[in-house]
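The values are calculated or read from the model by the stated rules, or taken from the named source; none is laboratory data. Model, not experiment: these values are computed from the prediction. Cβ placement follows ideal geometry from the backbone for every residue including glycine, while neighbour counts extend to all protein chains displayed.
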Amino acid sequence: MGFKLVWLFSLAIAIALLGNWIWQTQFSPSIQPLPPRQGSLRFGNLTQHPVRIVLKSQNQPEPWHWDFTPGEGGEKGLVLSLPDQVPQITNGDQIFVFAIDGSRQYWGPITVGESEITWRSDRQEWEFTLSFKAQTYLSPSLPSRPVLAPPTIAPIAAILSQKLARSPL
């Protein structure tokens, strides 16, 4: 009886491994990393909130930031620039956007080359238009599945921390 159980268990493991191999090689989407692309960033704010966009570049020790009024840049967007240069961003740079009107809305982190930022090869620039649809982003680990980035986590965290501060341990 013991031999039959070991044999059935071994057979079940072999079938599971074979099924996993077939799934990974035949049906699983292959994730191909984008080739490194460097260019400027064009940003438009289609939300009803004034926002601050923060860019953390791998090539720059300090993050850069810009403020946008509601609707500024529109669908076409504006190229982000500094007084002495136009920042060049590349795959892996991080973008964070948050409302500066006290509404506690935020979007991000958004990773260049792994999320909804679009590469425009004709202009050699990255393009990102912030709208309420932009609250979903693609997870770097599963680029084919959208993950909700809830804009309400900060108020929930504040409420929880207040309740925890009041409760005796």
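Conditions (1) over 21 Å from Leu46 (Cα atoms); (2) small (Gly, Ala, Ser); (3) at pLDDT below 85, marked per residue:
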residue: Phe68; (1), (2), (3): no, no, no
residue: Gly73; (1), (2), (3): no, yes, no
residue: Gly77; (1), (2), (3): no, yes, no
residue: Ser81; (1), (2), (3): no, yes, no
residue: Asp84; (1), (2), (3): yes, no, no
residue: Gln88; (1), (2), (3): yes, no, no
residue: Gln105; (1), (2), (3): no, no, yes
residue: Ile117; (1), (2), (3): no, no, yes
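For Thr25, the requirement of being at pLDDT 90 or above, of a type in the set (S, T, N, Q) and over 20 Å from the mean Cα position of the chain (by Cα) is not met.
Please tell me if Gln60 is at pLDDT below 90, closer than 30 Å to Gly102 by Cβ and of a type outside the set (D, E, K, R). Criteria met by Gln60.
When the range 43-73 is filtered for residues that are on the phi > 0 side of the Ramachandran plot and touching a residue at least 40 places away in the same chain (Cβ under 8 Å), only Gly73 remains. Tallying residues that are surrounded by fewer than 20 Cβ atoms within 10 Å (Cβ to Cβ) and either touching a residue at least 60 places away in the same chain (Cβ under 8 Å) or in a strand (DSSP E or B) (or both) within the range 74-105 yields 9. Evaluated against (1) at pLDDT below 85; (2) exposed (fewer than 11 other Cβ atoms within 10 Å of the Cβ); (3) over 15 Å from Ser40 (Cα atoms), Phe132 falls short on exactly one condition, (2).
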